[in-house]
Amino acid sequence: MGNSADVSTKDYAKRVERRISRIAERTETLPLSVRSLVLFVGWQRSGNSFVGQALNAHRDALIANEGQVFGLFAERPDRDWVYRHLCDLDEKRAASGYDKKARGTGPEQILTIEGAWQGKTPDPIAIGFSKAGATARTFAEDPELFGSFLAEMRLDPKFLFQTRHPREMVASMMRRRLIPVEQAVDELWESTEQVSAAHSYLAQSYNTLLYRYEDFVDDVDVTLNSLFSFLGLRSDPALNAAVKKACFSKPERPSEGTPEIRAFDDRIEELIANFAVFEGYRSSD
């Protein structure tokens, strides 16, 4: 019987092949209006899908939630292909109503933002990808590919580092993927090492913004406006209101349903103390 990792690799390769075949039928070129390349860098289960979709609902932005971009770029290292991939992915998601099916337990995620722009952006100012974990892994595991991607895009890179309390990320991983708390904590440590290294390096040479998901939930206007400003987008009060209603009327707190996580509070507090990206969660004592 084949190794499960081999099967996963083969499935991923097939998905990339199907995507390339579909993109080959498109003819778009990267518009001259585009100035910024937006890349989320971070952890799984940290709320990046919601925030990415909030940015995607802006009339001047095209932000996709996609983890295959680097694999596709390795096969077709061309900026126009990347843009076609973005357009193709967003059209596919728009046709499905931006529903995101969730594995495991917990509510289904619906990324539609009613009352906001959800159509194709003809002349975007900012384009990018919100799959933060994939960006962090590529930076750590294939820095040459990461650098080649930035060089070929020839845009102003803007990196968004969105943190979330480690306890909530661990609980969400447990619920969505049906994994034990020990595995979730171990995986969070590993991914935090990657994210921390990426932040230390990228903050020296590029525009980076580090912010907390909890701040977004507590004050959508302030946080969303700061994101728009960082990305060179105009503020949009109507969009802010739509985002509040769509994403944060009932913010998910998965740790409330996973009391077993409390047995690992010492490791979580150690994680917060050891990595500067979690400074915003440290006790003031």
Connecting C-alpha atoms closer than 10 Å in a GNM of the chain, tell me which of Ala136, Ala61, Ala273 has the biggest fluctuation. Ala273
Listed residues Leu202, Leu271, Leu32; largest mean-square fluctuation, Gaussian network over the chain with Cα springs below 10 Å, found at Leu32
Please report the net charge: other residues with Cβ closer than 12 Å to the Cβ of Leu37, K and R +1, D and E -1. +2
Neighbourhood net charge (13 Å Cβ-Cβ; Lys/Arg +1, Asp/Glu -1) for His199: -2
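Between Val16 and Glu114, what FRET efficiency follows from the Cβ-Cβ distance if R0 is 41 Å, with the result rounded to 0.05? Working shown, then result.
Details: r = 33 Å, r/R0 = 0.81.
Efficiency at R0 = 41 Å is approximately 0.80.
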Considering the chain as a Gaussian network with a 10 Å cut-off on Cα pairs, which listed residue, Glu187, Glu269, Glu144, attains the greatest mean-square fluctuation? Glu144
Nearest-0.05 FRET efficiency for Glu141 and Asp265, computed from C-beta distance (R0 25 Å): 0.25
Over 27 Å between Cα atoms: which of Lys10/Lys158; Lys14/Lys245; Lys10/Lys120; Lys120/Lys244 fall into that group? Lys10/Lys158; Lys14/Lys245; Lys10/Lys120
Lys and Arg at +1, Asp and Glu at -1: add these up for the other residues within a Cβ distance under 12 Å of Ile20 and post the number. +3
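At a 1.4 Å probe radius, which order do Ile23, Ile179 fall into by accessible area, largest first?
Most to least solvent-accessible, the answer reads Ile179, Ile23.
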Å² per residue, accessible surface of the range 25-84 at 1.4 Å: 33
Helix-only [θ] at 222 nm, the chain, -39500 (n - 2.57) per DSSP H run of 4+, per residue, nearest 500, equals -16500 deg cm²/dmol
Using a simple spin-label model with points 7 Å from Cα along the Cα→Cβ vector, what separation in nm is obtained for Arg59 and Glu279? 3.8
When every protein chain stays in place and a 1.4 Å probe is rolled, Lys131, Lys14 sorted by accessible area with the largest first are Lys14, Lys131
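The values are calculated or read from the model by the stated rules, or taken from the named source; none is laboratory data. In this text the structure is predicted, and so the values were computed from the model without any measurement. Every residue, glycine among them, receives a Cβ derived from its backbone with ideal geometry; neighbour counts consider all protein chains shown. These accessible areas exclude ligands, DNA and RNA; they are computed on the full protein's heavy atoms, side chains included. Shrake-Rupley method; radii C 1.70, N 1.55, O 1.52, S 1.80 Å.
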